[in-house]
1. Going by the conditions given, is ALA284 closer than 26 Å to ARG391 by Cβ and either part of a loop (DSSP other than H, G, I, E, B) or within 18 Å of the chain's Cα centre (by Cα) (or both)?
2. What residue, among those in the stretch 178-221 that are more than 12 Å from ligand 2 (Cβ to nearest atom) and among the aromatic types (Phe, Trp, Tyr), is modelled with the highest pLDDT?
3. With the requirement that a residue be aliphatic (A, V, I, L, M), surrounded by 15 or more Cβ atoms within 10 Å (Cβ to Cβ) and modelled with pLDDT of 85 or more, what does the stretch 1-49 give you?
4. Specify which of the listed residues (LEU125, LEU166) is in contact (Cβ under 8 Å) with a residue 60 or more places away in the chain, part of a loop (DSSP other than H, G, I, E, B) and aliphatic (A, V, I, L, M).
5. Just to be sure before I move on: is ILE486 at pLDDT below 95, among the aliphatic types (A, V, I, L, M) and under 30 Å from ARG280 (Cα atoms) in the structure I sent?
6. Among the residues of the stretch 296-324, count how many are part of a loop (DSSP other than H, G, I, E, B) and within 16 Å of GLY393 (Cα to Cα).
7. All but one of (1) among the β-branched types (Val, Ile, Thr); (2) touching an Asp or Glu at 6+ places or on another chain (Cβ under 8 Å); (3) under 30 Å from MET359 (Cβ atoms) hold for THR219; state the number of the condition that does not hold.
8. Residues to consider are ALA492, ALA560; find the one that is more than 21 Å from GLN582 (Cβ to Cβ) and surrounded by fewer than 16 Cβ atoms within 10 Å (Cβ to Cβ).
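The values are calculated or read from the model by the stated rules, or taken from the named source; none is laboratory data. Owing to the predicted nature of the structure, the values given are computational and were not obtained by experimental measurement. Quick reminder, even Gly has a Cβ in these numbers, built from the backbone with ideal geometry, and neighbours come from all protein chains shown.
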Amino acid sequence: QDSKPGTTLPGTNQPAKARLRSRAWFDNPHSPDMTALYIERYMNFGLSISELQSDRPIIGIAQTGSDLSPCNRHHLVLAERLREGIREAGGIAIEFPVHPIQETGKRPTAGLDRNLAYLGLTEVLYGYPIDGVVLTIGCDKTTPACLMAAATVNIPSIAFSVGPMLNGWFRGQRTGSGTIVWRAREMLATGEIDEAGFIKLVASSAPSTGYCNTMGTATTMNSLAEALGMQLPGAAAIPAPYRDRQECAFHTGRRIVEMVREDLKPSQIMTRAAFENAIRVNTAIGGSTNAPIHLAALARHLGIDLPIETWQRLGMDIPLLVNLQPAGEYLGEDFYRAGGVPAVISQLMTQGLIAEDAMTVNGRTIGDNCRTVRIEDEEVIRPFDRPLRTRAGFLVLTGNMFRSAIMKTSVISPEFRERYLSNPADLDAFEGRAIVFDGPEDYHARIDDPALDVGDHDVLVMRGAGPIGYPGAAEVVNMRPPVYLIEKGVHALACIGDGRQSGTSGSPSILNASPEAAAGGALALVRTGDRIRVDLGKGRVDMLLTDEEISARRAALDAAGGYSYPASQTPWQELQRSVVGQLDTGAVLEPAVAYQRIAQTMGIP
Ligand code: FES
Ligand code: MG
């Protein structure tokens, strides 16, 4: 794969394309002195020359787990089983760290680190003697970061999920990661529980190693990695502590060695058809509003055109089948027992909604992998003809405030429908008064101030929270109403913003608005007291201002030097801000998109 096609390896009749990439380091006939130099240092921890020159594939284990990333930390244990699988199939494992990304631990937001981890991993996979790689995925951004790097480099790659935590329980009820936090915050705000009770309730949702057990961004992205064909069938949903997870590690390790021998690369798996499958699966599972951002980024690094409108066109009319929090009631262990991702895909296949010939990492098509899989518990995964909700996908909205934003319709509550929609059976229009916040700090400082006098038909607006304004884009658009409204039974106000929201939130916010205020978006022009009209049926969100008024406000903002946001606090914040794109196109490092399939262009002998 490194040599020109049609040539043969020196001294053999073996076609050059069968030569392993790592041979250019460890067995380079053109540069024996360099071979010696490379090989001596990889031997100093015990690998032998005979192993390194044995034509065994060198398999990287891209390790995302560490003490800093508790969601993925169990990969440190699972890596042992990966190694055994790799060795059994004749490969040599070389494990190395990926820049840590812990969704709940990183300030100001883990959103900053997806592209940083991507950059680092891309550099490692390109510049070291690695023939294939196991991507240890899990916590929200670790999955897209790893897949994006594998896409850019395009060496044989297989994703391996760490798996969700066991179900959380409190007083006989399931408590789900993240989702319980939004509920507990309300209870704390209204004095239903105290601080100690708050911490106890939230901690109950995290009973074991693994990632969020709700259908948050982690379960979503791990499920989509499987739907894209990048994990072994059934691999995504296995809870982290289950023995099946260890077994899956072993099979994943074996399989990546075979993939190197078959030269099966990410570009042959993550095709347009695979993305279309993933978008439909996302609706059926009730997936996170972060999925369109991460899939857009991945598609761009593969050179696949996947405009944001695709999500509504392909995903809107798909029903919600998976009954997991926040859209439903169950958690990760239940999802696994009910059949996981293959059972969802087989349901979509019965309606012709899956491109069945999409290739997957096991060398078979997704259709062959899933065709005969049955649902094991129809309460947790509903059959297609008995869904939790019909038409459960994302609406893609536009208007005079932004080019695009999305709304997750599967989490619109009956209460929200009653209050905002004149015909709750339908997605129609409503109007409200804007209450505007500049960043999450401003929101927290003022939301409970009685002077704001928020009404139950108002629209909360969050700006300054996009990839540039709050570097990385904060998960803050789902804003709880002020306490005085919660006490009256108002649990969700309409929210609009240029930031993201946690996949564990059940808020039907209008979010990921692009371009953000900090990038010249018209969200910067709206003021508290303006009327906003949201027409879900027509897919529009507009400030009810005349064109003259909008132009006058724009001129005044430009004269003042544009929308202002806090200065960068770290070098990476500044670097990323200078090259990052908007959420609707994946918030990628724009100059990185030009570098595609770079292992194939390496030009080493
Ligand atoms: Fe890591 Fe949810 S915080 S998976
Ligand atoms: Mg998150």
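1. Numbers: closer than 26 Å to ARG391 by Cβ: yes; either part of a loop (DSSP other than H, G, I, E, B) or within 18 Å of the chain's Cα centre (by Cα) (or both): yes.
Criteria met by ALA284.
2. By that ranking, first place goes to PHE198.
3. If we filter the stretch 1-49 for residues that are aliphatic (A, V, I, L, M), which is where we start, we get 9, 16, 18, 20, 24, 34, 36-37, 39, 43, 47, 49.
Pick out the ones that are also surrounded by 15 or more Cβ atoms within 10 Å (Cβ to Cβ) and you get 9, 16, 20, 24, 39, 47, 49.
Across the stretch 1-49, the qualifying residues are LEU20, ALA24, ILE39, LEU47, ILE49.
4. Values: LEU125 fails: part of a loop (DSSP other than H, G, I, E, B).
Going through LEU125, LEU166 in turn, the sole match is LEU166.
5. Working: at pLDDT below 95: yes; among the aliphatic types (A, V, I, L, M): yes; under 30 Å from ARG280 (Cα atoms): no.
Taking the combined requirement at face value, the residue does not satisfy it.
6. Start the filter on the stretch 296-324 by keeping residues that are part of a loop (DSSP other than H, G, I, E, B), which leaves 303-308, 316-319, 321, 323.
Among the residues that remain, those that are also within 16 Å of GLY393 (Cα to Cα) are: 307-308, 316-319, 321, 323.
Looking only at that region, the number is 8.
7. With (1) among the β-branched types (Val, Ile, Thr); (2) touching an Asp or Glu at 6+ places or on another chain (Cβ under 8 Å); (3) under 30 Å from MET359 (Cβ atoms) applied to THR219, the lone miss is (2).
8. On the way: ALA492 fails: surrounded by fewer than 16 Cβ atoms within 10 Å (Cβ to Cβ).
Unique residue meeting the criteria: ALA560.
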